[in-house]
Amino acid sequence: MDKIIAFRPHDMDITIQPGISWNELNAYLSPYSLFLPVDPGPNAHIGGMIATSASGTNAVRYGTMKDWVLNLTVVLPTGHVLKTRSRARKSSTGYDLTRLFCGSEGTLGVITEVTLKLATLPEKEVVGAIAFDSNTVWPSPPSPKTLSSVFRL
């Protein structure tokens, strides 16, 4: 359950089995300058990310897992196989079953196939860190003079 079924780089989507890890998927996509931007942790698997509707450090910019799932193939408790929708980016027909299964933690069915949207890799990444002398909180709002000395305005 960790295979890549179909990769369409020009459409920026990929169909995979849920056992593939987030790291493996992004390593596969890297030569094409594409990636799955949801970043829950290095060893997360796609099926688990969908089942929990994972987010991560990139959620503010890119959204959570439910925003990147185009469709799912799910085996229901009755044994029926359900495909939630087509690969089309926009469709307003019927209930949004894809988002219903995202975050259901496996209680509604077992995910067996996933089609995900992809994003282009950013040209560069910048990380910032701020070090503080202490972790005490100011008892009252700081004066502009204090702020200018802290932030060197």
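All of the numbers you see were taken from the coordinates with simple rules; none came from a lab. Model, not experiment: these values are computed from the prediction. Cβ placement follows ideal geometry from the backbone for every residue including glycine, while neighbour counts extend to all protein chains displayed.
Which members of region 89-108 meet the condition of being of a type outside the set (D, E) and at positive phi?
So in region 89-108, the residues of a type outside the set (D, E) come out as 89-95, 97-104, 106-108.
Residues satisfying the conditions are G94, G103, G106.
Applying the selection to region 9-60, what residues are of a type in the set (S, T, N, Q), without any contact (Cβ under 8 Å) to a residue 60 or more places away in the chain and part of a helix (DSSP H, G or I)? Write out each step before concluding.
Going residue by residue through region 9-60, those that are of a type in the set (S, T, N, Q) are 15, 17, 21, 23, 26, 30, 33, 43, 52-53, 55, 57-58.
Pick out the ones that are also without any contact (Cβ under 8 Å) to a residue 60 or more places away in the chain and you get 21, 23, 26, 43, 52-53, 55, 57-58.
Passing the criteria: N23, N26.
Sort out which residues of region 96-137 are surrounded by 10 or more Cβ atoms within 10 Å (Cβ to Cβ) and either of a type in the set (V, I, T) or more than 30 Å from L70 (Cα to Cα) (or both), and write them in order of number. T98, V110, I111, T112, V114, T115, T120 - these are the residues of region 96-137 that are surrounded by 10 or more Cβ atoms within 10 Å (Cβ to Cβ) and either of a type in the set (V, I, T) or more than 30 Å from L70 (Cα to Cα) (or both). Residues in region 38-58 that are of a type in the set (A, V, I, L, M) and touching a helix residue (DSSP H, G or I) at 6+ places or on another chain (Cβ under 7 Å): V38, A44, I46, M49, I50, A54.
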